[in-house]
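Engineer: Please read through the structure below; I'll follow up with questions.
The values are calculated or read from the model by the stated rules, or taken from the named source; none is laboratory data. Source: prediction; values computed, not measured. Cβ coordinates were reconstructed from backbone atoms using ideal geometry, including for glycine residues, and neighbour counts include every protein chain displayed. All accessible areas refer to the heavy atoms of the entire protein, side chains included, with ligands and DNA or RNA removed. Shrake-Rupley method; radii C 1.70, N 1.55, O 1.52, S 1.80 Å.
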Amino acid sequence: MSEYPLGSLGSTFFLLFPPLELTLLILSRSKHSEHRSADASLDKRVAGGSVTGGDSPRSRGLGQTRVLGQARVLVAAGAILLVVAGGVFADYWSARPADAVASFVGRSSCIECHKDQTAAFEMSHHDLAMDIATDETVLGDFNDVTFEHDGMTNRLFRDGPKFMVHTDGPTGEMQDFEVKYVFGVTPLQQYMVEFDRTPDMKPDEIGRLQVLRISWDTLGKKWFYLRPPDVADKLAADDPLHWTGIAQRWQTMCADCHSTDLKRNFNVATNRYHTTFSEIDVSCEACHGPGSLHVELANEKSLFWDRNHGYGLAKLKGGDNEAQLQACAPCHSRRGLVDANFHAGDLYSDHYQLEMLNPDTYYADGQIKDEVYVYGSFIQSKMYHKGIRCTDCHDPHSLKLKHPGNETCTSCHQHAAGKYDVPSHHHHAPGTPGSMCVDCHMPHRTYMEVDPRRDHSLRMPRPDLSVKLGTPNACSGCHVQNQLQSIAEDVRPKLNDYQAWLDTADAGDESVAEAIRKTDIWCDEACEKWYGAERKTPYHFAEALAPFRKGEESSIKSMLELAMMPEDSAPALARATALTELGANNITEAIKVANEVLKKKDEPTIVRVAAVGVFSIAQPAVTKKTLLPLLDDASRLVSNEAARVLVSSGAYRELNMSEKTRVDLALRSVHDSIMAASDRAGAHMAWAMLCEQQGRADEAIQAYETAMRLEPTMTGPRTNLAALLERVAEQQQGTQSMRLVARAAALRDMELPLLERDAGLAKDNADVQYRYGLALYLHGDEAAALKQLRRAVELAPNIELFQTAVRLLEEKLGK
């Protein structure tokens, strides 16, 4: 029978059609009653003299008649049971086709049967993720108030029912804009303005939405300006980070995770959006999947749910934690988009590529640095590997913690009395910072100025690693304030939290860095005193990553070992990061390790994808032998990456016609994945580069030109297109060749100031410094080029390409 319980008529079924054993018992009792009536009538006849003996022929005939009657009753009962059983089985067996597709029906279809869940959901952060700007939804003060930033006086006011803001627009001039939508609720609320709306757009379509940087602090009840990280200057109107720029566009940065069933509907040719959604916020079907099948099944007069589709919803309550986590992960992770048609119940890795533990987003030990949205942290944790899921701590509908304070943790960690939630464990007075489980095991960082978010890697504080590697730790997070008096008075005001201390030290303030080091040592000594021989300081993957990033050659062996570690020794994300960084740094020993990883079919997808990427540095024959079979891999991420690397590595040129055809077919999926973000210039640039490697120059030129048209201030497409045009010019003659060379030179001139801008904004990004150095060299400024290239080597000492560029230019300049 089905694994799913009876439907809404289940209790009626047992009343009308009882189980077989009960039916037989009822029938047998009925039969016995009939038999007793027949015997009574015989007794009367015997008493009247009609029957002279119990063994007479007549009495034997009557006995036979009774037996035959009983048989007839049993046969009839059996026939009834067969009919009933046949009907029940037919009801069970009738089902919708396995490929039946559900559609979105909206939360109004859920409320009647799920009143408790609806009540919990209402006014939750999911419910309030986005809304139309109305008197009820707008929390900010629009009562004709002014707000200043960067020398500009902005005004927030009402125009009848409309909410208005007077601020600098896409031309840099001060203009009035209508706020159409609100975004979020607490600890901040943001506001959105619609652009590019045309008269022919349908009422349910949305044009380009831009998110204002002027935001409302809902707890402090004041306006504030949400600056981009590390940007203190006023943003120019044509800067991608300006509120009218690509980085503040709702469709590209926010929409997927703040609404339900989003369809971006971007038209590349017109550079216009016709975006739709089924519901404006994160509603029921965002987590449970499209609900039409579920509603149909619930309303059918059937004894069963569907044997093919179960309840008609995503199965989130499986035996392990993966089903639920993969439903939450798309919106709670920092990832790249592979396919835009994710529904709850799908595999995360078929639609998204999780970001590695990159130095810009995580510290070397995996602690959060930039905004990474939980999932990448959680899958590093012991809790994840023990099967813990989101709803063990959070109510899935209200999103609130299930228990107050430390009870969220001790509801599971109920070991020997007094083991954890007592000073003998945490060594802090009850009720003070440090006595709460999350203070030590889930330290927070503040994003968007006012939004503290906790690290979900649920780790032990490791001041010993801080002393050894320079990583943060929760203990120093509180106690570094004890060093404040050692800091210059003009620096102290900005050191309002641990994050500010770390950022100031990273920016080069040695006095702050020294204060952090002293605090780390003090905390390490305190832990040694508290725990002594029982102190736990197990191996951590940071012991490989941190030295490798500093350029220590001896760390290569540790990185290779990390890449091969079992899951219980190092999380998959750390192993994938090790493989990615080994490949990026051209460590050829990683090819053998990557090959071993790919032989194991049970390796996590994220590790296998990273292993495929390593073959970018392999010899074409090795790349071909290893990656061609992976074009048919069950994982779309793996097969896409195999096709991409076969092309980008140059191995494609070594293939025969049949093999090239296989790659070309696989590249269709790669193209679809890349174009899932067709509104970004980077997508078209990535496709152009693959077309170049295949020798499809015309298609590559067209893709580069599209990239420049979509994002005119983005660096990269002009430089690449200039190089391509110069190569094409070598195959041309006369006027056509000269025209191509002239256009290439013009493109490089246009690119140089954009690269200069990026190098100034991303001073610690080695790739950006390297690209700017090359551009300066091609522009003829060799001295300035050498300076930038040396900076790239300083930031990434393991990159052989950077070192080679510096060496060659030094030789040319006679240095």
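Engineer: For region 443-560: lysine pairs with Cα atoms under 21 Å, gap of 8 or more or different chains, count?
Structural biologist: On the way: 468/518; 468/529; 468/536; 468/550; 468/557; 494/518; 518/529.
Counting lysine pairs in region 443-560 gives 7.
Engineer: Also, quick follow-up: Relative to the longest principal Cα axis of the chain, at what angle does helix 589-599 sit, 0 to 90 degrees, rounded to 10?
Structural biologist: Orientation of helix 589-599: about 10 degrees from the principal axis.
Engineer: If contacts are Cα pairs under 8 angstrom and at least 6 residues apart, what is the relative contact order of the chain in percent?
Structural biologist: 8
Engineer: Given 0.36 nm per residue, what is the gain on full extension from residue 320 to residue 632 after removing their alpha carbon distance, in nm?
Structural biologist: Roughly 109.5 nm would be gained on extension.
Engineer: A follow-up question, please. Which length gain, in nm to one decimal place, applies between residue 413 and residue 500 when the Cα-Cα distance is subtracted from 0.36 nm times their residue separation?
Structural biologist: Computed gain between residue 413 and residue 500 is 28.0 nm.
Engineer: For residue 757 and residue 257, compute 0.36 nm times the residue count separating them, minus their Cα-Cα distance, and round to one decimal in nm.
Structural biologist: Details: separation 500, 0.36 × 500 = 180.00 nm, distance 3.09 nm.
Value of the extension gain: 176.9 nm.
Engineer: With everything on Cα atoms, drop me the angle between helix 800-813 and the longest principal axis of the chain, reported from 0 to 90° to the nearest 10.
Structural biologist: 10
Engineer: Same structure, new question: How much FRET efficiency would the formula 1/(1 + (r/R0)^6) give for residue 236 and residue 507, where r is the Cβ-Cβ distance and R0 is 22 Å, rounded to 0.05?
Structural biologist: 0.45
Engineer: Any chance you could give the angle, 0 to 90 degrees and rounded to 10, that helix 717-730 forms with the longest Cα principal axis of the chain?
Structural biologist: The answer is roughly 70 degrees.
Engineer: Distances longer than 19 Å among the Cα atoms of region 246-337: what percent of all pairs is that?
Structural biologist: Across region 246-337, Cα pairs with separations above 19 Å total 55 percent.
Engineer: List the residues whose amide H sits under 5 Å from the amide H of residue 272, counting only those 5 or more places along or on another chain, with H placed 1.01 Å from N in the peptide plane.
Structural biologist: 267
Engineer: Where a Cα-Cα gap under 18 Å defines reach, which lysines qualify for residue 263, not counting those fewer than 8 residues away within the same chain?
Structural biologist: In chain and number order, the partners are 202.
Engineer: Quote the relative contact order of region 641-774 in percent (integer), defining contacts as alpha-carbon pairs under 8 Å separated by 6+ residues.
Structural biologist: That works out to 16 percent.
Engineer: On to the next question. Mean 1/r over all different Cα pairs, inverted: what Kirkwood radius does region 711-815 give, in Å?
Structural biologist: 14.5
Engineer: How big is the Rg/Rh ratio for region 196-259, C-alpha atoms only, Rh by Kirkwood, two decimals?
Structural biologist: 1.04
Engineer: Next question. To the nearest µm²/s, what D does Stokes-Einstein give for region 326-389 at 20 °C and 1.002 mPa s, using the Kirkwood radius over alpha carbon pairs as Rh?
Structural biologist: It comes out at roughly 173 µm²/s.
Engineer: On to the next question. Along the charge dipole of the chain, which of 786, 428, 408 sits closest to the positive end, that is, farthest toward it, with unit charges on the beta carbon of Lys, Arg, Asp and Glu (+1, +1, -1, -1)?
Structural biologist: Going by the charge dipole, the pick is 408.
Engineer: What is the diffusion coefficient of region 578-620 in µm²/s, taking the Kirkwood radius over Cα pairs and the Stokes-Einstein relation at 25 °C with a viscosity of 0.890 mPa s?
Structural biologist: Rounded, D is 245 µm²/s.
Engineer: Can you give me the distance in nm between label points at residue 339 and residue 99, each placed 7 Å from the Cα along the Cα-to-Cβ direction?
Structural biologist: Here the answer is 1.5 nm between the modelled labels.
Engineer: Also, I was wondering about something else. For region 439-578, how big is the tail of P(r) above 18 Å, as a whole percent of Cα pairs?
Structural biologist: The share of Cα pairs beyond 18 Å in region 439-578 comes to 62 percent.
Engineer: Still on this structure, please answer the following. Once the whole set of protein chains is in place, how much accessible area is left on residue 385, using a 1.4 Å probe, in Å² to the nearest 10?
Structural biologist: 80
Engineer: Quick one: if the Förster radius is 25 Å, what FRET efficiency do residue 395 and residue 112 give, using the C-beta to C-beta distance and rounding to 0.05?
Structural biologist: Here the calculated transfer efficiency is 0.70.
Engineer: In addition: Quick check: at a probe of 1.4 Å, how many percent of the accessible area of the chain sits on carbon and sulfur atoms?
Structural biologist: Heavy-atom surface of the chain belonging to carbon and sulfur, 1.4 Å probe: 55 percent.
Engineer: Moving to a separate point now. Using Cα pairs under 8 angstrom and six or more residues apart, how large is the relative contact order of region 596-640, in percent? Mind dumping the intermediate values first?
Structural biologist: On the way: 25 pairs, mean separation 15.1, N = 45.
About 34 percent, as a whole number.
Engineer: Compare the Cα positions of 565, 530, 590 along the charge dipole of region 519-622 (+1 at Cβ of Lys, Arg; -1 at Cβ of Asp, Glu; about the Cα centre) and return the one farthest towards the positive end.
Structural biologist: 590
Engineer: Would you work out the Kirkwood radius for region 355-430? I mean one over the mean of 1/r across all pairs of different Cα atoms, in Å.
Structural biologist: Values: mean 1/r = 0.0678 Å⁻¹.
After inverting the pairwise mean of 1/r, the radius is 14.8 Å.
Engineer: Further question: Give me the net charge of residue 440's neighbourhood, meaning all other residues with Cβ under 13 Å from the Cβ of residue 440; Lys, Arg count +1, Asp, Glu -1.
Structural biologist: For residues surrounding residue 440, the net value is 0.
Engineer: For residue 449 paired with residue 119, estimate the spin-label separation in nm (one decimal), with each label point 7 Å from Cα along the Cα-to-Cβ line.
Structural biologist: Placing both labels 7 Å beyond Cα along the Cβ direction yields 3.8 nm.
Engineer: Okay, next question. Give me the compactness ratio for region 499-551, meaning the Cα radius of gyration over 2.2 N^0.38 Å.
Structural biologist: 1.42
Engineer: Across the Cα atoms of region 74-174, what radius of gyration and what greatest pairwise Cα-Cα distance (Dmax) are found, in Å?
Structural biologist: 29.5, 96
Engineer: Let me cross-check residue 689: its accessible surface, 1.4 Å probe, with only protein heavy atoms counted, in Å² to the nearest 10?
Structural biologist: Only protein atoms counted, so the area is about 90 Å².
Engineer: With equal scatterers on the alpha carbons only and no solvent term, can you work out the Debye log10 of I(q)/I(0) for region 590-681 at 0.17, 0.25 1/Å?
Structural biologist: For region 590-681, the Cα-only Debye profile gives -0.68, -1.29.
Engineer: Hey, what D do you get for region 668-760 in µm²/s if you plug the Kirkwood alpha-carbon radius into Stokes-Einstein at 25 °C and 0.890 mPa s?
Structural biologist: D, rounded to a whole number, is 180 µm²/s.
Engineer: If I take all pairs of Cα atoms in the chain, what percentage of them are more than 36 Å from each other?
Structural biologist: Result for the distance tail: 58 percent.
Engineer: Starting at the first residue of region 759-765, write each ³J(HN,Hα) from the Karplus equation 6.51 cos²θ - 1.76 cosθ + 1.60 with θ = phi - 60°, in whole Hz, x for Gly and Pro.
Structural biologist: So the J values, rounded to whole Hz, are 5, x, 7, 10, 5, 9, 9.
Engineer: Quick one: putting +1 on the C-beta of Lys and Arg, -1 on the C-beta of Asp and Glu, what dipole do you get for the chain around its Cα centre, in Debye to the nearest 20?
Structural biologist: 2900
Engineer: Note down the nm distance, to one decimal, between modelled labels 7 Å out along Cα→Cβ at residue 803 and at residue 743.
Structural biologist: 4.0
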